[in-house]
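Trainee: Here's a structure for you.
Just so it is clear, none of the values below were taken in a lab; they were calculated from the coordinates. On a predicted model such as this, the values are computed, not experimentally measured, just so you know. Please note: Cβ atoms are built from the backbone with ideal geometry, for glycine as well, and neighbour counts cover all protein chains shown.
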Amino acid sequence: MKNYKKKYEDVYTSQRLLKKCNLEKVETDNGIGLAEYSGMFISVLGDYQKFLFDYWVKIYWLMRRFVYNGTKRTKIFGVNNHTIDGAFGTFMRGFVGYDNRFLTNRSLFTKIASYFDSFFPDFDVNNPFESKYDYPYKYMTLECLFLVYQMPERLELLKVGEERKMRYLQFCDYIINYIGCYNDEHGEEYQLINSKMSLFYVRSNKYYEYTFKKIKTGNVH
């Protein structure tokens, strides 16, 4: 991965954007001070994301254990064949009592789960119910992972963000500069998607071409 120099101006950490929230005008309805209030948010959301990550690891690990009539279901987020996928869906809804599509239908879970094999090389060998699969970052939040999930160099980008102790919007501006410089050098490969319907994420043309081909052949990841 190339380490590009700063070329593009900050967007999400610019004063033009941040002035939309004047901290002098922020208060709580029960008298909690601003520092304590923000600190409570930081603490509870940090714990919440680690909780989600821990349970998503366990759910994904359980999904990868399913074998039907001697055949393992290898594609967790894709089409295997009608028999095994039908059996798994029936097992989940009819015997477990939950619909796996609640998690796997274009959700944040599927994007974060795409990192698990990289984070934990022995993912299938060990058991997350017996040994801890710790979240690997202190500064990179789940939002940061979602932001770059389509990019082949995502682990390297997250490493930079972690080493530089970037907060979420700082990482967004770092990625904006990176993809802008990358596109200048290689052509329009990446585009930052800022939608009211989704978290920020970088769209990769190669990722979408690959996904489209898989859809046409019946293997959707």
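Trainee: Which of the helices in the chain, when you take each full DSSP H run, stretch at least 24 Å along the axis at their Cα atoms and have an average Kyte-Doolittle score of -0.5 or higher?
Mentor: Numbers: long enough: 34-63 (43 Å, 0.51); 168-186 (26 Å, -0.25).
Both cut-offs are met by 34-63, 168-186.
Trainee: Suppose the chain between residue 198 and residue 22 were pulled fully straight at 0.36 nm per residue; how much longer would it get relative to their current alpha carbon spacing? Working shown, then result.
Mentor: Values: separation 176, 0.36 × 176 = 63.36 nm, distance 2.52 nm.
Full-extension gain reported as 60.8 nm.
Trainee: Now a separate question. Which of the peptides 134-140, 34-40 is most tightly packed, and how do the rest follow, judged by the mean count of other Cβ atoms within 10 Å per residue?
Mentor: Values: 134-140: 16.0, 34-40: 11.9.
Ranking, from highest mean packing down: 134-140, 34-40.
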